[in-house]
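Undergrad: I'd like to ask you about the structure that follows.
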Amino acid sequence: LLFIPELSRMRQLELGQMNHMCSNCGAKHWKDEISPSKLWMSCCRNGNVELRSLADPPAYLRDLYDDMSVRGRRFREQLRRYNATFAFTLIGFNAVEQIEK
């Protein structure tokens, strides 16, 4: 396989802790994400973009997320898969009558 030698040259990148917070929106950043003007621009563009807070998840999902049993652990381990599965599901639609040709 052609790409294997390229993979062997890759090295781990250490970004440090994500413990720098935007004073406008509270988003967490790595130190090197700050712009040359010393402002966080990748989250709220220094306060110029305001997003509504996310709604709380339904109780059954919150219970699964907080559950410390095997069931809850499995749910958390598979969370990315569940999200990917439902990412493209249809939320709603507008019905259009079919036009005969």
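Please treat every number below as a calculation from the coordinates, not as lab data. All values derive from a computational prediction rather than experimental measurement. Note: ideal-geometry Cβ built from the backbone for every residue, glycine included; neighbour counts use all protein chains shown.
Undergrad: If you filter region 10-57 for GluC sites (Glu not before Pro), then keep DSSP loop positions with at most 15 other Cβ within 10 Å, what is left?
TA: Working: sites: GLU14, GLU33, GLU50; in loops: GLU14, GLU50.
Passing sites in region 10-57 are GLU14, GLU50.
Undergrad: Kindly provide the trypsin sites (Lys or Arg not before Pro) of region 1-85 that DSSP labels as loop, not H, G, I, E or B, and whose Cβ sees at most 11 other Cβ atoms within 10 Å.
TA: Loop-located and lightly packed - ARG9, ARG11, LYS38, ARG52.
Undergrad: With the dipole of region 33-90 worked out from charges on the C-beta (+1 for Lys and Arg, -1 for Asp and Glu) around the Cα centre, which of MET68, PRO57, LEU79 lies farthest toward the positive end?
TA: LEU79
Undergrad: On full extension of the chain, what length is gained from ASP56 through ARG80, given 0.36 nm per residue of separation minus the C-alpha to C-alpha distance?
TA: 6.8 nm
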